[in-house]
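Some notes on the structure that comes next.
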Amino acid sequence: MRVALLSDCYLPRLGGIEVQVHDLARSLREAGHEAVIITATQGPDEPIDDVPVERLAIPLPGGVPVNPLRRRRFGGCCSTAGSTWRTCTWGS
C-alpha cells in the first residue's frame, strides 16, 4: 500500500508529533508499505532512516509551524520568534 503522511511538524525539529510521524512511517515501511512524509518543516531533502521526505516550500509564521489559536488562548505572550522563546505568566 502507498501511504503519504502529512504533517506540518517533522524532523529535524524534535518533539512528540515529529517523532511519532517518523516512527509510524518507519514501521509502515518495515511492514512492506511504501510510506513517504510530506511536511512544511524545513530541513534536508534526503531520506531519514530510509523514510523519504518531501518538503513543501510554504512560508510559515516565524519559520516554524504555529497553532493559529495560540495567541488568543495565551494572550499573545508566548512566541517562537526565531529560535528564542519569550516567556509569560499564565493568565496575563
| field | Only one of ARG26, ARG73 that is out of contact with any Ser or Thr (no Cβ under 7 Å at 6 or more places or on another chain), part of a helix (DSSP H, G or I), at pLDDT below 50 and open to solvent by 60 Å² or more (accessible area, probe 1.4 Å) | value | ARG73
| field | Output for segment 29-45, where each listed residue is exposed (fewer than 11 other Cβ atoms within 10 Å of the Cβ) and at pLDDT below 90 | value | PRO44, ASP45
| All but one of (1) at pLDDT below 85; (2) open to solvent by less than 80 Å² (accessible area, probe 1.4 Å) hold for VAL53; which doesn't? | (1)
| request: Read through the list (1) surrounded by 10 or more Cβ atoms within 10 Å (Cβ to Cβ); (2) modelled with pLDDT of 50 or more; (3) in a loop (DSSP other than H, G, I, E, B), then give the number of the only condition that CYS88 fails. | output: (2)
| task | Name every residue in segment 36-59 that is touching a Phe, Trp or Tyr at 6+ places or on another chain (Cβ under 8 Å) and at positive phi, in order of residue number. | result | GLY43
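The values are calculated or read from the model by the stated rules, or taken from the named source; none is laboratory data. Treat the numbers as computed from the prediction; the structure is a model and nothing was measured. All Cβ positions, glycine included, derive from the backbone under ideal geometry; neighbour counts span all protein chains shown. Areas reflect the complete protein model, heavy atoms only, side chains present, ligands, DNA and RNA absent. Shrake-Rupley method; radii C 1.70, N 1.55, O 1.52, S 1.80 Å.
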